[in-house]
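Each remark here refers to the structure printed beneath this line.
The values are calculated or read from the model by the stated rules, or taken from the named source; none is laboratory data. Remember, it's a predicted structure, so these values are computed and weren't measured experimentally. As a convention, Cβ positions derive from the backbone with ideal geometry for all residues, glycine included, and neighbour counts pool all protein chains shown.
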Amino acid sequence: MFGYIRAHKAYLRMYEYEIYRSVYCGICKDMDRRFGFVTRFTLSYDAAFLALVDLSVRKKKLAVKNERCIAHPWKKTMCATCGSDLSYASSVSVLLTYHKLRDDLADKGFKKKLAAYALLPFFKKAYRKACVRYKPLSEKISEAMKMQVAIEKDKNAGIDQACEPTALMMQAVFGELGKSAREKALLARFGYCLGRYIYVTDALDDLKKDIAQGDYNPLKIYMANNGIEWDGQGKFPKQITDFCDVTINMSLGALADCYVALDMKRFRDILDNIVYLGLKYTYDQVKQEKFNKRNKDRKGTTTL
Amino acid sequence: MTNGKDPYVVLGVSKGATEDEVKAAYKELVKKYHPDQYQNNPLQDVANEKMAEINEAYDEIINRMRNNEYQSTYSSSSYFDSANVRNLIQTGNITEADNILSGVSPTQRDAEWYFLKGSVCYKRGWFNEAYDNFSRAASLNPNNAEYSAALNQMNNQRGGQMNGMPSGYYQNRNQDACNCCCDLICLDSCCECMGGDLIPCC
């Protein structure tokens, strides 16, 4: 997935962190079991958030076991078992990663292309398997991807329009979780706002690269419209970060409204941490160019 | 939105019922179906379902009442049927509302138009555009309370406000008592260097 949805670790309690990790661990194992060994390496903490929301909405308890794991073979860690049913999160992770890889094939960078070529064969079968189970969702995702390609070709879309495909994708992913019509609508809007957050953060993260390679980026359109000149060297200009700040803040404000209305009881503290602290913290890290894709803060960069 | 059921039927009140009547009917039903009475009872699930239905119906009716109260104070536009557009937005028919708004020629777009366009954008999740439209509406008609309320709410969000944020998060920076004393002592020393005195006793 994208890797921008994570908890602010410094503010998690120890046992919360263990639960968070065990969910991640459980999804990883589930992916291995159902989709094959290679797919598990593409997992990110985004899926753990999705799984926590899923469990919380369904009011399921988490079943954990001490197990060994391939990433840390020397010690046993807490791991959510299949009794918790994390299949939705792992399927969505596979669906989204597959489309991401397809998208990377069109990327100009050689490294990304190569990685996509190497990984795609492993995902073909997994993707088909996930598709069978979540047909409408996979259709919505591929539709959104097509929209994304069209927007990137057009190269004129403003920020709202540019966010739409990712936002619609997340809207579909989260909307699927709701049981009643009200819950579905709230979760869908929650997902939409989350998608906007992801896209804007990603756009800022990629801005330097896109300026260097001459690729489309909605922030470049914003720069052109407002007469901001910047060659992509050094710090982000204040006007750009200010614009991203308000865009992110508006999305998160609307997201919080839905989150409050949903009133999820289970895993409340972890979800609170991610929604109120983690998202902003991650965005701040991106803004200060301290963001690390592998969910490990560089030493000394954690800010409280 | 009560899964197709008429909320008035669910609560068993007539369409012309007053707020007090609705509240009384609601209380009566809650007493009857409260899940606490059905603990360890096979009927518990049914009771839970019924409760959810009643709650939803109650919310819906009260919302409608509040909206109607509001409706009488609505401003309107001379160029298009704004009551209709408002109604469409209310019922969630965003595409239709947007179509009507797009049909208004650019020369005839007044404050009401910008406000409704902003509402449509907000519902769609196009917050940046919504903000632009709300500010336009508020600047065209600064006296309208509804427009400025919408703009205010967005301004709060732009400032980073998130509803339901637990207190205590992110607020314990620079509020350390030790640090405060330390700062004062330093300040006092500095003053003394220059011949003055901030804290006379030390």
Residue check, residue A:155 against (1) closer than 26 Å to residue A:255 by Cβ; (2) in contact (Cβ under 8 Å) with a residue 40 or more places away in the chain; (3) of a type in the set (Lys, Arg), all met but one. Which one?
(1)
Here's a check for you: in segment A:281-304, which residue that is surrounded by fewer than 19 Cβ atoms within 10 Å (Cβ to Cβ) and within 13 Å of chain B (Cβ to nearest Cβ) is modelled with the highest pLDDT?
A:284
Return the residues of segment A:31-46 that are under 13 Å from residue A:2 (Cα atoms) and touching a Lys or Arg at 6+ places or on another chain (Cβ under 6 Å); say none if nothing qualifies.
A:45
Residue check, residue A:71 against (1) loosely packed, with under 13 Cβ neighbours inside 10 Å; (2) aliphatic (A, V, I, L, M); (3) closer than 30 Å to residue A:136 by Cβ, all met but one. Which one?
(3)
When the residues of segment A:162-188 are narrowed to those that are assigned to a helix (DSSP H, G or I), within 20 Å of residue A:265 (Cβ to Cβ) and in contact (Cβ under 8 Å) with a residue 40 or more places away in the chain, which ends up nearest to the other protein chains (Cβ to nearest Cβ)?
A:183
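Filter segment A:238-273 down to the residues that are outside any helix (DSSP H, G or I) and in contact with a helix residue (DSSP H, G or I) (Cβ under 8 Å, 6 or more places away or on another chain), then identify the one that is farthest from the other protein chains (Cβ to nearest Cβ). Let's see the steps before the verdict.
Pass one, segment A:238-273, residues outside any helix (DSSP H, G or I): A:263-267.
Still in the list and also in contact with a helix residue (DSSP H, G or I) (Cβ under 8 Å, 6 or more places away or on another chain): A:264-267.
Details: A:264: 11, A:265: 13, A:266: 16, A:267: 14 Å.
Out of the qualifying residues, it is A:266.
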Which helices (runs of 4 or more DSSP H) sit wholly inside segment B:72-141 and have at least 2 residues that are under 27 Å from residue A:222 (Cα atoms) and away from chain A (no Cβ under 12 Å)?
B:94-102, B:111-124, B:127-140
